[in-house]
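First up is the structure itself, then whatever we jot down about it.
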Amino acid sequence: MALDYFCCDIYVRATDATSTSADSCLEIETNKDKLHMWYAKLFAFMDRKLGDFVWNREPLLLFVDMLPRISGRMIHGDAVDDEWLAVWLLREATREYGELIVSVRDSDGEFLLAEAAMHIPHWITPENSEHRVYIYRNQLHIVPLSAGSENIGINDALAAVMDSGVFTLASAPAAAAAFSRLDE
């Protein structure tokens, strides 16, 4: 019997304290101590947002994984509402902390793309969707084919999302469809 699970990867945009430009640093934080600081900040954020909430199956567990990311996992079984609560929570985190770039997936794959299927670009397929869908600054972003090869690498994809010269913001209808369950 297969378990229904949810996973996320949280990347932190490195900051350059000496620059005032929004695109001054297109790199992801790789310092382990700084990632652990962000882990603690996210843990406190989740605690503040959720309080004594009781998850249906198991809570979203965050951990500093292989650099350069913080990962999260949970088994939700039939409790799909827990999966959407996790998406809401992570989206809110990107609203509060503009340095965060989040990708989410579940046992079915890129489920935000599935939710927005009628509104996403026709070139997106299950074969080329890996490393293309992110939540950044509370918005849905889809990395276009023009940002790299058909099977783009994670570093190129994250750089594209952070670069204001690369248009990754999903259309309003796609974003509305992808996040529609958050409004229920």
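Report every pair of residues separated by at least 6 positions or lying on different chains whose Cβ atoms are under 6 Å apart, first residue within region 45-71 and closer than 21 Å to Glu96 by Cα and open to solvent by 30 Å² or more (accessible area, probe 1.4 Å), second of a type in the set (Phe, Trp, Tyr) and not in a helix (DSSP H, G or I).
Sorted first by the residue in region 45-71, then by its partner, the pairs are Arg69/Tyr11.
Under the condition of being in contact with a Leu (Cβ under 8 Å, 6 or more places away or on another chain) and among the basic types (Lys, Arg), which residue from region 72-98 is surrounded by the most Cβ atoms within 10 Å (Cβ to Cβ)?
If we take residues in region 72-98 being in contact with a Leu (Cβ under 8 Å, 6 or more places away or on another chain) and among the basic types (Lys, Arg), then Arg91 is surrounded by the most Cβ atoms within 10 Å (Cβ to Cβ).
Let me spell it out: the conditions are (1) open to solvent by 20 Å² or more (accessible area, probe 1.4 Å); (2) under 26 Å from Glu110 (Cβ atoms); (3) at pLDDT 90 or above, and Tyr11 meets all of them except one. Which number is the exception?
(1)
Does Cys25 satisfy the criteria of being modelled with pLDDT of 95 or more and surrounded by 14 or more Cβ atoms within 10 Å (Cβ to Cβ)?
On the way: modelled with pLDDT of 95 or more: no; surrounded by 14 or more Cβ atoms within 10 Å (Cβ to Cβ): yes.
No: the conditions fail for Cys25.
Quick check on Lys41: is it modelled with pLDDT of 95 or more and either of a type in the set (Lys, Arg) or loosely packed, with under 14 Cβ neighbours inside 10 Å (or both)? Before the answer, list the steps.
On the way: modelled with pLDDT of 95 or more: yes; either of a type in the set (Lys, Arg) or loosely packed, with under 14 Cβ neighbours inside 10 Å (or both): yes.
Answer is yes for this residue.
Would you be able to tell me the number of residues in region 135-175 that are open to solvent by 60 Å² or more (accessible area, probe 1.4 Å) and either touching a residue at least 60 places away in the same chain (Cβ under 8 Å) or not in a helix (DSSP H, G or I) (or both)?
10
Considering every residue within region 101-110, establish whether at least one is of a type outside the set (A, V, I, L, M), loosely packed, with under 14 Cβ neighbours inside 10 Å and at pLDDT 95 or above.
Taking region 101-110 as the starting set, the residues that turn out to be of a type outside the set (A, V, I, L, M) are 103, 105-110.
Those left that are additionally loosely packed, with under 14 Cβ neighbours inside 10 Å: 108-109.
Okay, now just the ones that are also at pLDDT 95 or above, so none.
Scanning region 101-110 turns up no residue that is of a type outside the set (A, V, I, L, M), loosely packed, with under 14 Cβ neighbours inside 10 Å and at pLDDT 95 or above.
Considering every residue within region 119-131, establish whether at least one is within 25 Å of Trp55 (Cβ to Cβ), open to solvent by less than 70 Å² (accessible area, probe 1.4 Å) and either in a helix (DSSP H, G or I) or touching a Lys or Arg at 6+ places or on another chain (Cβ under 8 Å) (or both).
Going through region 119-131, the residues within 25 Å of Trp55 (Cβ to Cβ) turn out to be none.
Checking region 119-131: not a single residue is within 25 Å of Trp55 (Cβ to Cβ), open to solvent by less than 70 Å² (accessible area, probe 1.4 Å) and either in a helix (DSSP H, G or I) or touching a Lys or Arg at 6+ places or on another chain (Cβ under 8 Å) (or both).
The values are calculated or read from the model by the stated rules, or taken from the named source; none is laboratory data. Note that this is a predicted model, so its numbers are computed, not measured. Neighbour counts run over all protein chains shown; Cβ positions are idealised from the backbone, glycine included. Surface accessibility is based on the protein's heavy atoms, side chains included, excluding ligands, DNA and RNA. Shrake-Rupley method; radii C 1.70, N 1.55, O 1.52, S 1.80 Å.
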